[in-house]
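Novice: Just dropping this structure here.
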Amino acid sequence: MDTLIPYDSLAAETLEAILDDIVSREGTDYGDYDLTVEQKREQALRYLKCGDAVLLFDTESETIKMVLKEALTHYDLM
């Protein structure tokens, strides 16, 4: 079961560390061009702020992932 984490409930430093971890994971695809970690983090934050994505804590793997809001129907949320 996954738990929704409101991004705006996190301290700025915590959110930055989480986003850095997410955007630097293997398999993260940003298209045909390279972005810096800072650019990727800013892009991810824009998705969160506009409501297009959310942060979920995966209780099985004990990791936080960012999921597009339209894909939430595939998750069992607490």
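Novice: Along the range 4-13, what does the Karplus equation 6.51 cos²θ - 1.76 cosθ + 1.60 (θ = phi - 60°) give for ³J(HN,Hα), rounded to whole Hz, x for Gly and Pro?
Specialist: With coefficients 6.51, -1.76 and 1.60, one gets 6, 10, x, 4, 7, 8, 8, 4, 3, 5 Hz.
Novice: For the ranges 13-24, 57-68, what's the packing order if you count other beta-carbon atoms within 10 Å of each residue, average per peptide, and put the highest first? If you can, show how the numbers build up before the last one.
Specialist: Values: 13-24: 15.4, 57-68: 13.1.
Answer by packing, highest mean first, reads 13-24, 57-68.
Novice: Still on this structure: With everything on Cα atoms, drop me the angle between helix 37-49 and the longest principal axis of the chain, reported from 0 to 90° to the nearest 10.
Specialist: 40
Novice: Between Thr63 and residues 5 or more places away or on another chain, which pairs have amide H atoms under 5 Å apart, with H built 1.01 Å from N, and which residues are they?
Specialist: When sequence neighbours closer than 5 places are left aside, the close amide H contacts are Asp58.
The numbers here are math on the coordinates, done by the rules we state, and not lab data. This one's a predicted model, so the numbers in the text were calculated from it and none came from an experiment. Cβ: placed from backbone, ideal geometry, glycine included. Neighbour counts: every protein chain shown.
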